[in-house]
Amino acid sequence: MNIIVLAGGNSTEREVSIASGQGVCKALRERNHKAVLLDPYFGASQKEENLFPAEYDVDKAADTMREMSSKLEETMKTRKGFFGPNVLEICKEADIVFLALHGANGEDGKVQSVLDLMGIKYTGSGPLSSGMAMDKGITKMVFEAKGVPTPKGITLEKGKCSSQFADYGMGFPVIVKPCCGGSSVGVCIANNQTEYQAALLEAFSYENEVVVEQFITGREFSVAVVDGKAYPVIEIAPLQGFYDYKNKYQAGSCVETCPADLSSALTKEMQKYAEMGYKALNLQAYARLDFLMDDEGNMYCLEANTLPGMTPTSLIPQEAKAIGMDYPQLCEKLIEVSLKKYQ
């Protein structure tokens, strides 16, 4: 297949996205697909005559994208649109676009909307479910309505909320996070009023809406759901603190165990809730749902990631490996299940 791997973009998760795209592109080429990287934000200065060459240096292409990152802030000051030159024209030539984007303008349904309008096939969920899952406040409301256990919480709007935590009838500690951010950017734990006010300032510096929810002390897990079916549960145990940006992307900062050390009953229960969350948000193709479990065995689904990290050592590839599927096979599988949307 001729495949465009969209990676980079202009979100706070640009560098993570490039790493995902680099891994996916190499893996698909191992499976004899003609895959090439493309940055949707910076685009291509010209449309090459041979868009899908038999020989292609993936690492060189990824390094070029990283070099462009230094121009991102300045470009965003002057550019009005998201798509760079020739992006959509190139995507039209592909059999499918593999979305390796993360965060805003990639995981929130906006890119999906444009691709749908252009008749371009792509991996993952559609615009509406992507947008709902990206918004942690909406996700929480949907989970509560559909019986998916989730921590007690509220959504606050900048300039229209009280800075006094006591006004909301919750107790410390709480976790404060931007509604639509990813990779735990801007996420803080607050143990008292002073920390709460500082956490609000931090979260509101990224977005105008934030979620404040009860902080659950316990073990952290994640479950991939592919084509509606849960994969093995993976446990993430940060050596220090919680699963924040640093612990997610700094090598050696977490111990990841898959399959997780859980009883058969607890494993099935968490997988059931993952599938329920996937269905509640009307997700398609694949997603990753994150969980906490307290000392009493109570489970809480925190969020759904519709375009989760896809480096070879990311969580979903580890879960796939536990059922005998290697990384290139997984990348091909995600394309296969995504194409079902178009049958």
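The values are calculated or read from the model by the stated rules, or taken from the named source; none is laboratory data. Since this is a predicted model, take the numbers as computed values, not measurements. Backbone-built Cβ (ideal geometry, glycine too); neighbour counts: all protein chains shown. The area values use the complete protein model at the heavy-atom level, side chains included, leaving out ligands, DNA and RNA. Shrake-Rupley method; radii C 1.70, N 1.55, O 1.52, S 1.80 Å.
For segment 29-154, the dipole from Cβ point charges (+1 on Lys and Arg, -1 on Asp and Glu) about the Cα centre works out to 580 debye, to the nearest 20. Anisotropy class assigned to segment 185-343 is prolate, per the alpha carbon gyration tensor with a/c at or over the 1.5 cut-off and a/b larger than b/c. Placing dummy labels 7 Å off each Cα toward the beta-carbon, the span from Lys71 to Asn2 is 2.6 nm. Between Tyr122 and Val97, the built amide H atoms are under 5 Å apart, and every one of these is 5 or more places off in sequence or on another chain. Could you tell me how many degrees, from 0 to 90 and to the nearest 10, lie between the Cα long axis of helix 136-146 and the main elongation axis, the longest principal axis, of the Cα atoms of the chain? Approximately 70 degrees, to the nearest 10.
Pull out a ≥ b ≥ c, the square roots of the eigenvalues of the alpha-carbon gyration tensor of segment 261-325, then state rounded if a/c is under 1.5, prolate if not and a/b is larger than b/c, and oblate in the remaining case. Judged from the Cα gyration tensor, segment 261-325 comes out oblate (a/c at least 1.5, b/c at or above a/b).
Is the C-alpha gyration tensor of segment 1-69 telling us rounded, prolate or oblate? Criteria: a/c under 1.5 is rounded; beyond that, a/b larger than b/c is prolate, otherwise oblate. Oblate shape, in that a/c is at least 1.5 and b/c is the bigger or equal ratio. Once all protein chains are placed together, Leu72 keeps about 20 Å² accessible to a 1.4 angstrom probe. What you get for the chain, charging only the Cβ of Lys and Arg (+1) and of Asp and Glu (-1), is a dipole of about 640 debye around the Cα centre.
To put it simply, the accessible area of segment 100-242 at a 1.4 Å probe is 55 percent carbon and sulfur. Legend: residue pairs Lys177/Lys279; Lys34/Lys121; Lys71/Lys121; Lys77/Lys136, Cα-Cα distance threshold 19 Å; pairs beyond threshold, Lys177/Lys279; Lys71/Lys121; Lys77/Lys136. For the chain, modelled as a Gaussian network with Cα springs under 10 Å, which listed residue fluctuates most, Tyr56, Tyr327, Tyr122? Per the Cα network of the chain with a 10 Å cutoff, Tyr56 tops the list.
For Phe82, the solvent-accessible surface with a 1.4 Å probe is about 40 Å², rounded to the nearest 10. Heavy-atom accessible area for Ser45, with the other protein chains in place and a 1.4 Å probe, reaches approximately 120 Å². Listed by chain and number, the aspartates and glutamates placed with their C-alpha closer than 14 angstrom to that of Lys158 are Glu202, Glu207, Glu209; residues fewer than eight positions away on the same chain are left out. Loop sites here are trypsin sites (Lys or Arg not before Pro) outside DSSP states H, G, I, E and B with no more than 10 other Cβ atoms within 10 Å. The longest part of the chain free of them is 161-343.
The residues neighbouring Glu67, those whose beta-carbon lies less than 15 Å from its own, together hold a net charge of -3 under the Lys/Arg +1, Asp/Glu -1 convention. Among the protein heavy atoms of segment 13-70, carbon and sulfur supply 43% of the accessible surface, probe 1.4 Å, non-protein parts ignored. Compared with the dominant Cα axis of the chain, that is its longest principal axis, helix 58-68 is turned about 60°. Net charge in the neighbourhood of Glu296 (other residues with Cβ under 15 Å of its Cβ; Lys, Arg +1, Asp, Glu -1) is -2.
The length gained on full extension between Gln46 and Leu88, counted as 0.36 nm times the residue separation minus their Cα-Cα distance, comes to 13.9 nm.
For the chain, the longest principal axis of the alpha carbon atoms and the long axis of helix 327-338 meet at an angle near 90°.
Local charge for Met1 was computed over the other residues whose Cβ lies under 14 Å away, with Lys and Arg +1 and Asp and Glu -1, and equals 0. Ordered by solvent-accessible area of protein heavy atoms (1.4 Å probe), largest first, the residues Glu296, Glu303, Glu67 come out as Glu296, Glu67, Glu303.
Heavy atoms of the protein chains alone define the surface here; on that basis segment 275-343 has 40 Å² accessible area per residue at 1.4 Å probe size.
Amide hydrogen proximity for Leu37: with H placed 1.01 Å from N in the peptide plane, the residues at 5 or more positions away or on another chain lying under 5 Å are Val5.
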